[in-house]
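I have placed the structure first, in the form of structure tokens, so that the comments after it can refer back to it.
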Amino acid sequence: MSRDTAIAEATKYFDSGAFFTDLARKVRYRTESQDPQQEQALRAYLTDEMAPWLQRLGFEARMVENPVSSRHPLLVAHRHEGDDLPTVLTYGHGDVQMAHDEQWRAGLTPWDIVVEGDYWYGRGIADNKGQHAVNLTALDHVIRARQGKLGYNVTLLMDMGEESGSPGLAEACAQLRDELAADVFIASDGPRLSIDRPTVFLGARGVVNFTLSFRAREGSHHSGNWGGLLRNPATVVMNAVASMVDGRGRILVDELRPAGVPEPVRRALEGVTLEAGDDGPSIDDGWGEPGLTPNERVIAWNSIEVLAMIAGDPEGPVNAIPGHARATCQLRFVVDTDWRAVEGAVRRHLDAHGFEMVEVNLDHAMAATRLDPDNPWVRWTLDSLRRSAGTEPVLLPNLGGSLPNEAFADTLGLPTVWVPHSYAGCSQHAPNEHLPAGLLREGLQLMTGLFWDLAELDSWPPEGR
């Protein structure tokens, strides 16, 4: 059977409705990893859904207890054809963001796929059940087309805590380093840059969430009697934030600014356009670091965002100076920023600007990663996608968002290549999560071609490309 025939068979499977049935079954598992009440659903997704499916593909699968967070189990599966053969490591996460069922619009439900035109709605369709279903279905069709022999080994690591920050993933990778050893990492998550162009990204910006808080006193005090006499925590915290990022989104803390945009990254971003999709917002002119293109700002630069602020009672304000205030902030950063130094950098900056009274507390952190765009696996992947799609794919040095790529790039030391099957307007962390069926269908075709092309390689990494 040929490459084209394998892709045609995978397409036929999708068009028959069988892929929809597979994905609908996965969506029904309420795998909200932030909710402690859903631990059994997380485990059932691995034992009742994924393990039997993988076994039909020739994998041996087992659940691995999380070394850090007991309610976020992992699954490791191996499809081993030979000790002398190369290995690809792939990944997916079966957990989803909190669905907030009541916020979905009329006619939609998070836990059953609803079809409206070309759009499929349901929690996890984009992030990440739909994406790992695409990849494993593609792999299945390549296995069938090649009479059960790929000519390489496949290892799958399934994470059930990604939406909670992947606690324990890096530690598990360290513990299982020998078992997870591979030649390359290929997986799918996140959005394409443009809905109509296949995309490859090589890592992700890192993220650090931190709070700035100031508790001046217990209770509130009448603003008429005490205004102008008492330090207002809300005013202090707002000005502390303003000392770090100006009114146009430019970072003012030198230690939190990148050294610059590397030339290979700048070249990779030339000629690509960020698209939000029909439901996404338009880009604000004049926001962010001056002198950079929009792509460079979101892919190759750092940003500080205020995610939430509170002082007093926003829903019922009274004439009183609040006793305390808090801002939850976030730094998204590229590879030359050390997240371990962020707390100290913020502390030094605030002290230097007279905000010694403001407390800094780090919460969630995830490192930044980026594979060299000149790595041979990058060129090979772009060639494979170009051959299948008939269009020029987009190369992103890294994703603007964050994902736990450091476990694979740093802990396991692998070249990491991501081929996303979503788009920016998919509402993956919001009500009404969805994907166009056509995007999933094309993703299945692309990955069938890619897994076929892996089997045709004479050397790992590829040569002469």
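The values are calculated or read from the model by the stated rules, or taken from the named source; none is laboratory data. Keep in mind it's a predicted model, so treat the numbers as computed, not measured. All Cβ positions, even for glycine, are placed from backbone atoms using ideal geometry, and neighbour counts span all protein chains on display.
Out of everything in the range 412-443 that is hydroxyl-bearing (Ser, Thr, Tyr) and surrounded by 24 or more Cβ atoms within 10 Å (Cβ to Cβ), what residue ends up being farthest from the chain's Cα centre (by Cα)?
Of everything passing the filter in the range 412-443, Thr416 is farthest from the chain's Cα centre (by Cα).
Does Leu75 fit the bill of being touching a residue at least 60 places away in the same chain (Cβ under 8 Å), assigned by TED's automatic domain parsing to the domain that holds Thr448 and either part of a helix (DSSP H, G or I) or farther than 21 Å from Cys173 by Cβ (or both)?
no
May I ask you to say which residue of Arg340, Arg297 is assigned to a helix (DSSP H, G or I), surrounded by fewer than 18 Cβ atoms within 10 Å (Cβ to Cβ), under 23 Å from the mean Cα position of the chain (by Cα) and among the basic types (Lys, Arg)?
Answer to the check: Arg340.
Could you say which residue among Met63, Met1 is of a type in the set (A, V, I, L, M) and closer than 27 Å to Gly438 by Cα?
When all the criteria are applied, what remains is Met1.
Scan Ala389, Ala409 and give me the residue that is surrounded by fewer than 20 Cβ atoms within 10 Å (Cβ to Cβ), among the small types (Gly, Ala, Ser) and more than 24 Å from Thr293 (Cβ to Cβ). Break it down into steps so the answer makes sense when it comes.
Working: Ala409 fails: surrounded by fewer than 20 Cβ atoms within 10 Å (Cβ to Cβ).
Sole residue among the options that is surrounded by fewer than 20 Cβ atoms within 10 Å (Cβ to Cβ), among the small types (Gly, Ala, Ser) and more than 24 Å from Thr293 (Cβ to Cβ): Ala389.
Are any of the residues in the range 10-22 among the hydroxyl-bearing types (Ser, Thr, Tyr), outside any strand (DSSP E or B) and either closer than 15 Å to Glu162 by Cα or touching a Pro at 6+ places or on another chain (Cβ under 9 Å) (or both)?
Of the range 10-22, the ones among the hydroxyl-bearing types (Ser, Thr, Tyr) are 11, 13, 16, 21.
Retained after the next criterion (residues that are outside any strand (DSSP E or B)): 11, 13, 16, 21.
The next check asks that each one be either closer than 15 Å to Glu162 by Cα or touching a Pro at 6+ places or on another chain (Cβ under 9 Å) (or both); those that pass are none.
No, because not a single residue in the range 10-22 is among the hydroxyl-bearing types (Ser, Thr, Tyr), outside any strand (DSSP E or B) and either closer than 15 Å to Glu162 by Cα or touching a Pro at 6+ places or on another chain (Cβ under 9 Å) (or both).
Looking at (1) assigned to a loop (DSSP other than H, G, I, E, B); (2) surrounded by fewer than 22 Cβ atoms within 10 Å (Cβ to Cβ); (3) of a type in the set (S, T, N, Q), which is the only condition Ser166 fails?
(2)
Return the residue satisfying two criteria in turn: it lies in the range 139-162 and is touching a strand residue (DSSP E or B) at 6+ places or on another chain (Cβ under 6 Å) and among the charged types (D, E, K, R), and of such residues it is surrounded by the fewest Cβ atoms within 10 Å (Cβ to Cβ).
So, considering only residues that are touching a strand residue (DSSP E or B) at 6+ places or on another chain (Cβ under 6 Å) and among the charged types (D, E, K, R), the one surrounded by the fewest Cβ atoms within 10 Å (Cβ to Cβ) is Glu162.
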